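Note sheet for the following structure.
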Amino acid sequence: GSDPRLVGGAVSPTASVYGEPIILTEDAVVRVRAKVGDQWSAIDEATFEVGVAAANQSNLKITEFLYHPTGDPDAEFIELQNVGPLTISLSGVQFEDGVEFDFTESQVTQLNPQQRVVVVNRLEAFAQFHDVNGLAIAGEFSDGRLADEGEPLKLTAADGSVIHDFAYGIPEQGWSSLAANSGHSLEVVDLNGDYAAPTNWVASPRPGGTPGRNTLIPGDSDRDGDFDSSDLVL
């Protein structure tokens, strides 16, 4: 809570000196300086969240995305879900390819187990087609939009490791024609499957998608590209 330097560079007698690890009992922003000889470093800062796990490839998954809405081109969205057993921190998680978005300053920085969160192109457009009450919406893409002809999507963790890095494509490459031409979203079939495989995605049961809801029977899939009743949870 205070700068450890005195005028002239000496260490203040009120500065905190730690000889063992600091135990945090609640979320905190920690700011530190280091002194080597007569030189002080610049302030280094880090945010620590207590009782949550870091988001990574095993616990955070893209579960649905809408890249070619028919009602309003700005109604695009990407849905993510915490599939792990612990609450996870989204701080530092970023979309880097396809669209850009940083969860650090977003409206949703933590996800409880099985909770879903949505990132949208433009909230006003998204809200025309979906009930946003009770829906966790992190915010709007800071840059870019999802290409109608397909493109790579890359999601990285706070430590820079890759959570997702795959490309979706067009019907001629095996991807759903309903998603490409009729405004349906794509929903993942196998969370641990190949995200780059067209067979691991099915079209949503209705145009516009189903953000915030699971409509797939776990382990079921639609291999022929035509969504039918066997792919729905009734």
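The values are calculated or read from the model by the stated rules, or taken from the named source; none is laboratory data. None of the values given here were measured: they were computed from a predicted structure. Virtual Cβ from ideal backbone geometry, glycine too; neighbours counted across all protein chains shown. For the accessible areas, the whole protein counts, side chains as well, though only heavy atoms, and no ligand, DNA or RNA atoms are used. Shrake-Rupley method; radii C 1.70, N 1.55, O 1.52, S 1.80 Å.
Some points to look at:
- In this Cβ point-charge picture (+1 for Lys and Arg, -1 for Asp and Glu), the chain has a dipole of about 820 debye about its Cα centre.
- Solvent-accessible area of Glu172, all protein chains in place: 150 Å² (probe radius 1.4 Å, heavy atoms, ligands and nucleic acids excluded).
- Taken per residue, the accessible surface of the chain reaches 54 Å², heavy atoms only and a 1.4 Å probe.
- Charge-dipole axis of the stretch 1-152 as Lys and Arg at +1 and Asp and Glu at -1 on Cβ define it, positive-most pick from Pro73, Phe48, Ser106: Phe48
- Top positive-direction residue, dipole computed over the chain with Cβ charges, set Leu123, Ile170, Tyr195: Leu123
- Summary value for the stretch 21-175: 21 percent relative contact order, contacts being C-alpha pairs under 8 angstrom separated by 6+ residues.
- With every protein chain in place, the chain: carbon and sulfur % of accessible area (1.4 Å): 49
- Above 30 Å, the calculated P(r) of the chain contains 35 percent of its Cα-Cα pairs.
- Computed lengthening from Asn112 to Asp148, 0.36 nm per intervening residue step minus Cα-Cα distance: 9.8 nm
- Here the stretch 151-203 and the stretch 85-142 have alpha carbon centers that stand 17 Å from each other.
- Ordering Asp165, Asp3 by accessible surface, largest first, gives Asp165, Asp3; the 1.4 Å probe counts only protein heavy atoms, with every chain in place.
- Extent along principal axes [Cα atoms of the stretch 59-129; Å; largest to smallest]: 37, 20, 20
- Secondary structure note: in the stretch 16-146, about 85% of the DSSP beta bridges are antiparallel.
- Heavy-atom accessible area order for Asp143, Asp72, largest first, 1.4 Å probe: Asp143, Asp72
- Shown here are the Rg and Dmax of the Cα trace of the stretch 110-201, at 14.5, 38 Å.
- Protection proxy ranking of 126-134, 153-161, by the mean of other Cβ atoms within 10 Å over each peptide's residues and highest first, is 153-161, 126-134.
- Backbone N under 18 Å from the Ala10 label point (7 Å along Cα→Cβ), restricted to the stretch 23-46: 35-40
- More than 20 Å apart - percent of Cα-Cα pairs taken over the stretch 19-157: 54
- Counting heavy atoms of the protein chains alone, Val50 has an accessible area of about 60 Å² for a 1.4 Å probe.
- Label point distance in nm, Ile170-Ala28, each placed 7 Å from Cα along Cα→Cβ: 5.6
- Only the Cβ atoms of Lys and Arg (+1) and of Asp and Glu (-1) were treated as charged; on that basis the dipole of the stretch 85-158 about its Cα centre amounts to roughly 360 debye.
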